[in-house]
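Worksheet for the structure shown next.
The values are calculated or read from the model by the stated rules, or taken from the named source; none is laboratory data. Everything quoted here is computed from the prediction, not taken from an experiment. Here the Cβ positions follow ideal geometry from the backbone for every residue, glycine too, while neighbour counts run over all protein chains shown.
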Amino acid sequence: PSALAVMPTEELPSLKTIVVAGEACPPELISYWSVGRQFVNAYGPSESTVCATMAECSPECSVPPIGRPISNTKIYILDRNLQPVPIGVPGEIYIGGVGLARGYLNREDLTNQRFIPNPFDNSKVKSQKSKLYKTGDNGRYLGDGNIEFIGRIDHQVKVRGYRIETGEIEASLTQHPSVKQTVVVAREDNSGSQRLVAYIVPLVESNITSNPELSNTQINSWQNLFNQQIEEQNSKVTDPLFNISGWSSSYDNQSLPEEQMRIWAGDIVAQVLAHKPKKVCEIGCGTGLLLFQIAPHTQAYYGIDISRISLEYIQQQILQEPEKYAQVNLAQKRADEIGDIAAQNFDVVIINSVIQYFPNVEYLLQAISEAIRIVKPGGMIVLGDVRNLPLMKAFHSSVQLYQATPSLSVEQLKQQIDRQMQQETELLVSPELFIALKEKHPEITHVQIRLQRGMEHNELNKYRYSVLLHIEAQTAKVIEPLVEKGVGVNYEDIEVYLKQKQPPAICFSGLVNGRVENDVLGVELVSATEEVKNVQQLRQKLQEKQVNGIDPEKLHELSESLGYSLELCWAAQGGAEFMDATFVRSELAAEGMVLTPLTQKSVIGGNWGRYGNNPLASVTAKQLIPQLREYLELRLPEYMVPSGYVVLSQIPLTPNGKVDRKALPGPDFANSLSTEYVAPETETEKLLAEIWREVLGIEQIGIHDNFFDLGGHSLMATQVVSRVRQALGIELSLTTLFESSTIAKLAEVLVEEQLEQVDSNILEQILAEVDG
């Protein structure tokens, strides 16, 4: 069922029968997948040759049974004394019959423990007596003869003296209309007590997750953040035509080097100008990083943005050289509301470094649909600086490892990584979404996906990429290169191959990307906690590992030196650390359309949400969790209501598709912090603690707890700034909050501000009296 849950939800008319087994099947899966076909819920461990019972389920099946025994199989539900329990009473499931295995190979002790003599076999000769397999599963017979699976006995937990079957809690939760999937476990808190924690995957279609108000609030929050960043940093701008206000590193919060930013912007500019556009529309033009470089080469340039202050800034710069930028038109609009611009026919539409601020994949699809409407045949859409979803964990692991103290345990590091992933407020997108778009929009005739340029490794070229969508392109020639496997291939191998064989077109598929190789390895080491215990050991282990990856920029230099054009994109097959490098003779590449393994990959559209994360997850959780708690309180005894809730985008699975309980993240990140709790004492500290509690959704916050360690981020920071302004009348800058990110430090800053205001007021009074 867990594997079925992540399948694309689309019509499959030729699929007539589905059989699920291996774990409990949620009712909503049956409700969707059983329509118009036979849906069988099967049960049986490997010890009974996999299948022991089967039940055909209908869409109305609220609690799916596991059915009745198949032929030559017997099912007994027994108590601890091996006596049958009455109908409706839970007991352990025992299996007998010809399908039973003889035992475990070379494991006589375990065989005797799990394969017991059948107490209901009347054979007098002991050696001829049949066996029963003790499953360790809880179940009960229903009145109609079907069996209901309740859960694993080893998933029974004891909390506050009560023995609890977590499967019953899961069954109640999955009946909530906003819940898609859930797992309930008992976890130990800091005091050593057991407490119940529910892990929830919300339904994307539910009222909470699809609430347009949440999306609008998210967009407005980004708008406020952009405005504030530009206003705060205007005085620091060295080149007004290259204003990189707000571009800071995720690792140390310092401004990204201007040289690296110019390379990043130049990459996108080069891709646009290569198309020689006369009319360009840029959706999300910001402070004009691209506009001021591209507009002089065009006849018309339309720039739209949600930030009024950004547009005012651009207009101020245009007034300095009005003739040079006379072709520029600006408008304040959202990406999904282009409106009257739709009357134009553009050669190129640019959506650069904007997608990450969209509230969900649906909004992205709407923005792309709007862009397609205004591109003329033969034009293209350039989507730049797209954050790569498959590298999401590698990115957060890399950042947290960089920031961690050497003594931090790997378990604590893992919790911090999980927290950052759950708190992610930006949209990350799988490259496969753009391949699948061809099915949704037949106007897209060709897709190019490219790694970003740059010799210096940074988060912009390690974890982001650009996409070119060609609209109704008329191509005279299709270039399909020979594909060679890149496993074990290094830079020198490629150089020798190209120089000696001089192929017209060749793709090396599955090369190791040297930019991200170490970060992906870090994810693996963090997961294998038995190998390393703390951050210091983890860093040492990473240094010792042999690095075999190829630097992507070196391949670009090689291709240019040998007269090749290079298409460098994420690999069509394998993990996120692999890339495909397609070399085509420059004169040949200019003649037609180059196909790469990734862009030829068969990708199914529909269920678009799986191609991106949910930036509204933390906001959704704040609304959903109180509802779930209240829902359970009405249906279960108080001691069965979980005290902790974690909302996930998906439940982690083992390689064989079952729930991986060991991979579930810790529920209470505030309790896992290394700082000792110190309560707020002064009025300012108490006020800040209250503001942080409301914004972060955490009950206990000490004055030395770091705002960002508690799950705070830029959008939440703007809320803190706004509430401080309302409460104290003090204009707190975002920079100050980043620099003074504990209540103790921030309270000191605010007290100083208040004293300065008092001194200023007293001085004004004295001067007024003197003037009087």
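Test GLN452 against the stated conditions and say whether it is within 31 Å of the chain's Cα centre (by Cα), crowded, with 21+ Cβ neighbours inside 10 Å and of a type outside the set (A, V, I, L, M, F, W, C). Reasoning before the result, please.
Values: within 31 Å of the chain's Cα centre (by Cα): yes; crowded, with 21+ Cβ neighbours inside 10 Å: yes; of a type outside the set (A, V, I, L, M, F, W, C): yes.
So GLN452 fits the description; yes.
Tell me, which residue of the range 561-605 that is outside any loop (DSSP other than H, G, I, E, B) and of a type in the set (Val, Ile, Thr) is nearest to THR475 (Cα to Cα)?
Restricting attention to the range 561-605, the residues satisfying the condition of being outside any loop (DSSP other than H, G, I, E, B) are 561, 564-570, 578-589, 593-594.
Checking the rest, the ones that are also of a type in the set (Val, Ile, Thr) come to 582, 584, 594.
On the way: THR582: 19, VAL584: 16, VAL594: 10 Å.
Checking each candidate, the answer is VAL594.
Residues GLU544, GLU587: which one is over 28 Å from the mean Cα position of the chain (by Cα) and closer than 26 Å to SER409 by Cα?
GLU544
For LEU330, state whether it is in contact with a Gly (Cβ under 6 Å, 6 or more places away or on another chain) and assigned by TED's automatic domain parsing to the domain that holds TRP222. Can you show your working first?
Details: in contact with a Gly (Cβ under 6 Å, 6 or more places away or on another chain): yes; assigned by TED's automatic domain parsing to the domain that holds TRP222: yes.
Yes: the conditions hold for LEU330.
Report every pair of residues separated by at least 6 positions or lying on different chains whose Cβ atoms are under 6 Å apart, first residue within the range 287-306 and without any contact (Cβ under 8 Å) to a residue 60 or more places away in the chain, second of a type in the set (Phe, Trp, Tyr) and in a strand (DSSP E or B).
These pairs meet every condition: ALA295/TYR301.
Could you grab me the full set of residues in the range 474-488 that are aliphatic (A, V, I, L, M) and touching a residue at least 40 places away in the same chain (Cβ under 8 Å)? Step through it out loud before you land on a result.
Let us first name the residues in the range 474-488 that are aliphatic (A, V, I, L, M), namely 476, 478-479, 482-483, 487.
Answer for the range 474-488, where residues must be aliphatic (A, V, I, L, M) and touching a residue at least 40 places away in the same chain (Cβ under 8 Å): ALA476, VAL478, ILE479, VAL483.
State the number of residues belonging to the range 243-274 that are farther than 23 Å from GLN327 by Cα, not polar (S, T, N, Q) and not in a helix (DSSP H, G or I).
Total satisfying the criteria: 7.
Residue-wise test of (1) outside any helix (DSSP H, G or I); (2) over 23 Å from GLY454 (Cα atoms); (3) modelled with pLDDT under 95.
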position	(1), (2), (3)
GLU492	no, no, no
CYS507	yes, no, no
LEU521	no, no, yes
GLU524	no, yes, yes
VAL532	yes, yes, yes
GLN537	no, yes, yes
SER559	no, no, no
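Give the range 718-735 a look and list any residue that's buried (at least 20 other Cβ atoms within 10 Å of the Cβ) and either in a loop (DSSP other than H, G, I, E, B) or without any contact (Cβ under 8 Å) to a residue 60 or more places away in the chain (or both), or say none.
Answer for the range 718-735, where residues must be buried (at least 20 other Cβ atoms within 10 Å of the Cβ) and either in a loop (DSSP other than H, G, I, E, B) or without any contact (Cβ under 8 Å) to a residue 60 or more places away in the chain (or both): VAL720, VAL724, LEU732.
May I ask you to list the residues in the range 539-557 that are closer than 17 Å to GLN403 by Cβ and either touching a residue at least 60 places away in the same chain (Cβ under 8 Å) or not in a helix (DSSP H, G or I) (or both)?
So in the range 539-557, the residues closer than 17 Å to GLN403 by Cβ come out as 539, 542.
ARG539 - this is the single residue of the range 539-557 that is closer than 17 Å to GLN403 by Cβ and either touching a residue at least 60 places away in the same chain (Cβ under 8 Å) or not in a helix (DSSP H, G or I) (or both).
Inspect all residues belonging to the range 6-17 and state whether any of them is of a type in the set (A, V, I, L, M, F, W, C) and surrounded by 16 or more Cβ atoms within 10 Å (Cβ to Cβ). Quick ask: steps written out before the conclusion?
Start the filter on the range 6-17 by keeping residues that are of a type in the set (A, V, I, L, M, F, W, C), which leaves 6-7, 12, 15.
Next, from what is left, pick out any that are surrounded by 16 or more Cβ atoms within 10 Å (Cβ to Cβ): none.
Checked against the condition, which is being of a type in the set (A, V, I, L, M, F, W, C) and surrounded by 16 or more Cβ atoms within 10 Å (Cβ to Cβ), the range 6-17 yields no hits at all.
Residues that are at pLDDT 90 or above and either under 16 Å from VAL659 (Cβ atoms) or outside the structural domain of VAL85 (by TED's automatic domain parsing) (or both): does the range 161-169 have at least one? Show your work before the answer.
Initially, the range 161-169 is screened for residues at pLDDT 90 or above, giving 169.
Keeping just the survivors that are either under 16 Å from VAL659 (Cβ atoms) or outside the structural domain of VAL85 (by TED's automatic domain parsing) (or both) gives 169.
Checking the range 161-169: at least one residue is at pLDDT 90 or above and either under 16 Å from VAL659 (Cβ atoms) or outside the structural domain of VAL85 (by TED's automatic domain parsing) (or both).
Which condition number in (1) among the β-branched types (Val, Ile, Thr); (2) within 23 Å of ASN513 (Cα to Cα); (3) buried (at least 22 other Cβ atoms within 10 Å of the Cβ) is the one that ILE381 fails?
That leaves (2) as the condition not met.
Just to check your reading of the model, which residue among LEU542, LEU568 is surrounded by 18 or more Cβ atoms within 10 Å (Cβ to Cβ) and at pLDDT 90 or above? Talk me through it step by step, then tell me what you get.
Working: LEU542 fails: surrounded by 18 or more Cβ atoms within 10 Å (Cβ to Cβ).
Within the list LEU542, LEU568, the selection yields LEU568.
Taking the range 421-461, which residues are among the acidic types (Asp, Glu) and not in a loop (DSSP other than H, G, I, E, B)?
Going through the range 421-461, the residues among the acidic types (Asp, Glu) turn out to be 424, 426, 432, 439, 443, 456, 459.
Residues satisfying the conditions are GLU432, GLU439, GLU459.
Is it the case that TYR325 is buried (at least 16 other Cβ atoms within 10 Å of the Cβ) and either without any contact (Cβ under 8 Å) to a residue 24 or more places away in the chain or within 26 Å of ASN224 (Cα to Cα) (or both)?
Details: buried (at least 16 other Cβ atoms within 10 Å of the Cβ): yes; either without any contact (Cβ under 8 Å) to a residue 24 or more places away in the chain or within 26 Å of ASN224 (Cα to Cα) (or both): no.
So TYR325 does not fit the description; no.
Do you know which residues across the range 509-519 are charged (D, E, K, R) and either crowded, with 24+ Cβ neighbours inside 10 Å or part of a helix (DSSP H, G or I) (or both)? It would help to see each step written out before you state the result.
Looking only at the range 509-519, we keep the residues that are charged (D, E, K, R), and these are 515, 517, 519.
Hits for the range 509-519 are GLU517, ASP519.
Test each condition in (1) surrounded by 20 or more Cβ atoms within 10 Å (Cβ to Cβ); (2) part of a helix (DSSP H, G or I); (3) in contact (Cβ under 8 Å) with a residue 60 or more places away in the chain for PRO277 and report the one that comes out false.
(2)
Could you run through the range 233-251 and say how many residues are without any contact (Cβ under 8 Å) to a residue 60 or more places away in the chain and surrounded by fewer than 16 Cβ atoms within 10 Å (Cβ to Cβ)?
Final tally of qualifying residues: 5.
So the check is Cβ under 7 Å with 6+ separation or different chains; which pairs have a first residue in the range 424-453 that's without any contact (Cβ under 8 Å) to a residue 12 or more places away in the chain and a second one that's assigned to a strand (DSSP E or B)?
LYS438/ILE444; LYS438/VAL447
Which residue is nearest to GLN218 (Cα to Cα), if the candidates are limited to the range 574-609 and must be surrounded by fewer than 21 Cβ atoms within 10 Å (Cβ to Cβ) and among the charged types (D, E, K, R)?
Here the answer is LYS601.
This table checks each residue for (1) out of contact with any Lys or Arg (no Cβ under 6 Å at 6 or more places or on another chain); (2) among the small types (Gly, Ala, Ser); (3) surrounded by fewer than 18 Cβ atoms within 10 Å (Cβ to Cβ).
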residue: ILE283; (1), (2), (3): yes, no, no
residue: ILE294; (1), (2), (3): yes, no, no
residue: ILE306; (1), (2), (3): no, no, no
residue: ILE350; (1), (2), (3): yes, no, no
residue: ALA371; (1), (2), (3): yes, yes, no
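Need the failing condition index for ASN388 against (1) over 12 Å from the mean Cα position of the chain (by Cα); (2) surrounded by fewer than 23 Cβ atoms within 10 Å (Cβ to Cβ); (3) farther than 22 Å from VAL647 by Cβ, just the number.
Result: ASN388 fails condition (1) only.
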